[in-house]
1. Can you confirm whether the stretch 50-58 contains a residue that is without any contact (Cβ under 8 Å) to a residue 40 or more places away in the chain and part of a helix (DSSP H, G or I)?
2. Kindly list, by first and then second residue, each pair from a residue in the stretch 17-38 that is of a type in the set (Ser, Thr, Tyr) to a residue that is not in a strand (DSSP E or B), limited to pairs with Cβ atoms under 7 Å and residues at least 6 apart or on different chains.
3. Restricting to the stretch 39-56, give me the number of residues that are over 18 Å from LYS4 (Cβ atoms) and either surrounded by 14 or more Cβ atoms within 10 Å (Cβ to Cβ) or of a type in the set (Val, Ile, Thr) (or both).
4. If SER13 meets every condition in (1) of a type in the set (Ser, Thr, Tyr); (2) under 10 Å from the mean Cα position of the chain (by Cα); (3) outside any strand (DSSP E or B); (4) surrounded by fewer than 15 Cβ atoms within 10 Å (Cβ to Cβ) apart from one, which number is that one?
Amino acid sequence: MTKKTVTLEQIASPIRREGSQQATLIGLKLNKLHRRATLEDTPAVRGMIAKVAHLVKVVEG
């Protein structure tokens, strides 16, 4: 079986955000605007996406 993946794109800057939100973006392999990252779709990743939902958008998945 293939594992499900989710592709994210950063749409907003982490400047003037809480440090934990900046760290979450780094954990999602995002650190610059319009950068995309494809990650395995797990509950942990979904929780991280929910924490920074206002800074990222789900492109695929």
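Nothing in this text is a laboratory measurement; each read-out follows from the coordinates by a stated rule. Treat the numbers as computed from the prediction; the structure is a model and nothing was measured. Cβ atoms come from the backbone with ideal geometry, glycine included; neighbour counts cover every protein chain shown.
1. If we filter the stretch 50-58 for residues that are without any contact (Cβ under 8 Å) to a residue 40 or more places away in the chain, which is where we start, we get 50-53.
The next check asks that each one be part of a helix (DSSP H, G or I); those that pass are 50-51.
Yes: one or more hits.
2. Between residues of the stretch 17-38 that are of a type in the set (Ser, Thr, Tyr) and residues that are not in a strand (DSSP E or B), the close pairs are THR24/MET48; THR24/LYS51; THR24/VAL52.
3. The first filter runs over the stretch 39-56 and keeps only residues over 18 Å from LYS4 (Cβ atoms), leaving 51-55.
Applying the additional criterion that residues be either surrounded by 14 or more Cβ atoms within 10 Å (Cβ to Cβ) or of a type in the set (Val, Ile, Thr) (or both) yields 51-52, 55.
The total comes to 3.
4. Single failed check for SER13: (2).
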